[in-house]
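Data first, discussion second: the structure below is written as C-alpha cells.
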Amino acid sequence: MAQRVSVAMRRINPTTIALIAGAALLLLVAFLFLRGGNEDQDKLTTANETAAAAAQDPEKRCASKATYDLIKRELFRRAAQLRGSDQAAFNGLAGYAAVRMERPVLESEDKDKGQVNCSGFISLDLPPGVAVVGGRRTLSADVDYSLQRAADGSGEVLTLGNAEAIITPLATLARTSQTAQEPGNIVAPAQGPAAPLPTVNNPIPAPPPPVAAPTPQPVPEPAPRPRQTVALPSFNCSFARTRGEIAVCRNEDLAQLDRIMASHFNRAMSEAGPGERAMLTRTRTRFLSYRDGCGSDACIAGAYRDRIAEIRDIMSGQWSAPR
C-alpha cells in the first residue's frame, strides 16, 4: 500500500511543479510590469507637481522675464496714451527697448485671488536713434506692480504704479541727431545721405539708395525760431520769483520733475489722513527752501527726486524725520 502511494506521488509531482513554476513566473512578470508602470507614473506626477509649484512661486512671478516684458510694454502704452498719438509707433519701439530690474521684492500675496504685489527699481534703455527731451536714453524709477492670473487662463494681468518718472518723459520721445554708428543703428551707404534714424513716426526706416553728392551751394541761414518748452512746471512761470522757480522754468528736465513731484503730492494729499497731511505740508516747506538754495540744476534735480521718495515714504509709513 505504501509503495503504491509513493509511486502515485512520483507520477504527479512533475506536472504540479511545472504548473506552480509557470504560475509563479506569470505572477512575477505581472508584478514587475505593474511596478514599472507605477514608478513612471510617480515620476511624471512628481515632475508635473514640481513644474506647477515653480509656476506658482510668487517671488519668481515678480522677477520673471515675462513680467519685465509686460512692464516695458505697459510703459510704452501709457506714454503713447499721454502723448495722445503714435500708439502703433510706440508699440513698435517697445520691441527694441530693453528693461533692467534691480532689487525685485515680493511685497504681499493674495492666494485667494492669485495676486502678487511687487516692487523694484527698473531702468528702461531706449533703442539707438531716439531719446526723450534733454537727450536722455535711459529712464529709471522705483515702481510698484501687481500680477493677477487672468480669469480665462490667458496669462498675467499687470497693474503698474508710481511709474510717472518714466512715462512722463517717455511721452516726449523723438529722433536724435546722433550720427555715430552704434549696434542696431541704421547708417547710410557710402557717398549717400545719412539714413533716418528710428523715430516715433518711423520706427523701422529703410536706407535710401546712394546718390551722387550735390555741388555745395550757399544756403541762407533761416531765422532762429524761439525755443518751445515741451514740458511746463506745475506752477505759472509768469510768477516765478525764487532762484529755484526761475531755474525750473528755464530747464525742461527740471520742469518735468516738478510736474511729477506735484502729481505725487496731490495724490498723496487726497489719500492722506490728518497726521499725514500735516507731515506732507511741513516737509513741503522744507523742500522748497532747500530747492531754492541750490546753486546748480543738478542740485535742484536731486532735491526733486528726494522729495518724490519722501512723499512715497510718508504715505507708506516708512518716513522718519531727519536729525
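The values are calculated or read from the model by the stated rules, or taken from the named source; none is laboratory data. Everything numeric here is computed off the predicted structure, so don't read it as measured data. Here the Cβ is made from the backbone with ideal geometry for all residues, glycine too, and neighbour counts use every protein chain on show. Ligands, DNA and RNA are excluded from the accessible area calculation, which covers all protein heavy atoms including side chains. Shrake-Rupley method; radii C 1.70, N 1.55, O 1.52, S 1.80 Å.
Annotations for the structure displayed:
- Among the conditions (1) within 15 Å of GLU245 (Cβ to Cβ); (2) in contact with a Ser or Thr (Cβ under 7 Å, 6 or more places away or on another chain), the only one that GLU310 does not satisfy is (1).
- Conditions (1) open to solvent by 30 Å² or more (accessible area, probe 1.4 Å); (2) touching a helix residue (DSSP H, G or I) at 6+ places or on another chain (Cβ under 8 Å); (3) modelled with pLDDT of 90 or more; (4) assigned to a strand (DSSP E or B); number of the one not met by LEU106: (3)
- Those residues of segment 78-103 which are within 12 Å of LEU126 (Cα to Cα), in a loop (DSSP other than H, G, I, E, B) and touching a residue at least 24 places away in the same chain (Cβ under 8 Å), in sequence order: TYR96, ALA97
- Some residue of segment 120-130 being within 16 Å of ALA163 (Cα to Cα), without any contact (Cβ under 8 Å) to a residue 60 or more places away in the chain and open to solvent by 50 Å² or more (accessible area, probe 1.4 Å): yes
- CYS299 passes every criterion in (1) surrounded by 13 or more Cβ atoms within 10 Å (Cβ to Cβ); (2) free of Cβ contacts under 8 Å to residues at least 12 places away in the same chain; (3) within 22 Å of VAL143 (Cα to Cα) apart from (3).
- Residues (of a type in the set (D, E, K, R) and buried (at least 20 other Cβ atoms within 10 Å of the Cβ)) located in segment 131-167: GLU164
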